[in-house]
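**Q** This is the structure I want to talk about, given as structure tokens.
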Amino acid sequence: MVSFIPVLAHSDFSFSNLPWAAVRWSDGSIHLATRIGDRVLSLKALRAAGKLASWPELDLETFNRFIDRGPEAWSAVRAELIEAYREGSSWEHDSKRALCECDWQDAPAVLPVSIGDYSDFYASRQHATNVGMMFRDPENALLPNWLHLPVGYHGRSSTISVSGTDVVRPNGQRKGPNDPTPVFGPSVKMDFELEVGIILRGGPTDASWISVEKAEEHIFGFVLFNDWSARDVQQWEYVPLGPFLGKNFASTMSPWIVSYEALQNSRCAGEAQEAPLPLPYLQQNRSSSHWNIELEVALATPDGQETVVSRSNSSNLYWSFAQQIAHHSINGCIIRSGDLMASGTISGNDPDSLGSMLELSWNGSKPLALHDGSSRTFLEDGDTVVLRGRAQNGGRIGFGECRAALLPAKRWQK
Ligand code: MN
């Protein structure tokens, strides 16, 4: 499948990708869009030019209502885009085409969905084991429930921002093992979390669940997700109700939603779940329950130079996305279109495949060397974290960047 728009070999946005994003168009308004190579295509402008009959005529600024229409509607738009932009299409030489396209640098992305609810899982066994060893007890790193259910918590959608938005180091309470009382101030253990998120289509509103077999019909697409974490705040506050202010001050999402359909040739097996076998409502054929998405984290110092600090893969998740959805809805919890579920930090078995500074520096005890000769245990002000991810399907199915810089804490005054 080849487009008349040229795509460089290293581009994340091959013709098989056709991801979804919301961008600020040249007239200042928000357009929903897709992308081939370096060209951003406005779905609204294509509809106006008579090229995209299946795109709803609504003046949409987010994908929520389109997501509601379901997989057939998503697929129809994708098929029309392929037909219009394939090599040999008459659209290439149509005079109206110029009005529908621009260079990606002229179309800054905004959040593509209005995220109603955001939940974060903890679905990587290696990550949960590592955190359990550091925060609790190396002998009993995984808590008794972990192999029986996808552990998760409710996050906050209000502080999710799109790639490129700066993050401010939070103030908060912490208490180290040797502090007699808690202290207040800027977090001294700022961290990233390498995650993959899914953007969901709503489920039944009659308090019935989404089965594990049907769960993937509710995945509109995938994003990269940096769930910024203040480890010192987290460690002091998290018992007994779980993450709170150590997590909800910022999360960064990649702007391009890679569609479920584009990733269909990137399926792979998940780890066997035999000891213990999950309860029936979570049981799933594991032969293609996961995705082979290569992931990396780069840390850029203020000079802009990057050091890749981690290389992981979404196949490292123990609990699949379908299991996360099935579990989330089994009690009657309503899932709405535009909701976001994130996987939790995705760590692999190798020391360079760990998805957080907490694990890479082993809670600060093993500094990480950067390209410029400096080292890090946790993040410093001025550091920029960049997540990247890609799968293959004929061409590269990439996510673009999930990038944000860390700014100094605000001075707190009573
Ligand atoms: Mn997380």
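**Q** Report yes if some residue within the range 156-163 is open to solvent by 30 Å² or more (accessible area, probe 1.4 Å), aliphatic (A, V, I, L, M) and away from the ligand (no atom under 16 Å from the Cβ); otherwise report no.
**A** No, every residue in the range 156-163 fails to be open to solvent by 30 Å² or more (accessible area, probe 1.4 Å), aliphatic (A, V, I, L, M) and away from the ligand (no atom under 16 Å from the Cβ).
**Q** All but one of (1) more than 16 Å from the ligand (Cβ to nearest atom); (2) of a type in the set (S, T, N, Q); (3) more than 22 Å from F399 (Cα to Cα) hold for Q126, so report the exception by its number.
**A** All conditions pass for Q126, except number (1).
**Q** Is at least one residue of the range 241-256 surrounded by fewer than 24 Cβ atoms within 10 Å (Cβ to Cβ), outside any helix (DSSP H, G or I) and aromatic (F, W, Y)? Steps first, answer last, please.
**A** Quick first cut of the range 241-256, residues surrounded by fewer than 24 Cβ atoms within 10 Å (Cβ to Cβ) only: 241-245, 248-250.
Among the residues that remain, those that are also outside any helix (DSSP H, G or I) are: 241-245, 248-250.
Still in the running and aromatic (F, W, Y): 244, 249.
Among the residues of the range 241-256, at least one is surrounded by fewer than 24 Cβ atoms within 10 Å (Cβ to Cβ), outside any helix (DSSP H, G or I) and aromatic (F, W, Y), which makes the answer yes.
**Q** So, S347, is that one in a loop (DSSP other than H, G, I, E, B), within 16 Å of the ligand (Cβ to nearest atom), small (G, A, S) and under 19 Å from F222 (Cα atoms) or not?
**A** Yes.
**Q** Are any residues in the range 197-222 in a loop (DSSP other than H, G, I, E, B) and under 13 Å from the mean Cα position of the chain (by Cα), and if so, which ones?
**A** The answer is none; no residue qualifies.
**Q** Quick one: which residue in L282, L277, L295, L194 is open to solvent by less than 10 Å² (accessible area, probe 1.4 Å) and either away from the ligand (no atom under 16 Å from the Cβ) or not assigned by TED's automatic domain parsing to the domain that holds L379 (or both)? Break it down stepwise before answering.
**A** Numbers: L277 fails: open to solvent by less than 10 Å² (accessible area, probe 1.4 Å); L295 fails: either away from the ligand (no atom under 16 Å from the Cβ) or not assigned by TED's automatic domain parsing to the domain that holds L379 (or both); L194 fails: either away from the ligand (no atom under 16 Å from the Cβ) or not assigned by TED's automatic domain parsing to the domain that holds L379 (or both).
When all the criteria are applied, what remains is L282.
**Q** Show me the strands (runs of 3 or more DSSP E) found entirely inside the range 34-136 where at least 1 residues are in contact with a Cys (Cβ under 6 Å, 6 or more places away or on another chain).
**A** Numbers: elements: 39-42, 101-103, 118-121.
Hits in the range 34-136: 39-42.
**Q** Take the residues in the range 174-191 that are crowded, with 16+ Cβ neighbours inside 10 Å and outside any loop (DSSP other than H, G, I, E, B), then tell me which one is nearest to the chain's Cα centre (by Cα). Talk me through it step by step, then tell me what you get.
**A** Restricting attention to the range 174-191, the residues satisfying the condition of being crowded, with 16+ Cβ neighbours inside 10 Å are 174, 186-191.
Those left that are additionally outside any loop (DSSP other than H, G, I, E, B): 174, 186, 190-191.
Details: R174: 28, P186: 26, M190: 19, D191: 16 Å.
If we take residues in the range 174-191 being crowded, with 16+ Cβ neighbours inside 10 Å and outside any loop (DSSP other than H, G, I, E, B), then D191 is nearest to the chain's Cα centre (by Cα).
The values are calculated or read from the model by the stated rules, or taken from the named source; none is laboratory data. What you see is a predicted model, and the numbers here were worked out from it, not measured in a lab. Cβ coordinates were reconstructed from backbone atoms using ideal geometry, including for glycine residues, and neighbour counts include every protein chain displayed. Side chains included, ligands, DNA and RNA excluded: accessible areas come from the protein's heavy atoms. Shrake-Rupley method; radii C 1.70, N 1.55, O 1.52, S 1.80 Å.
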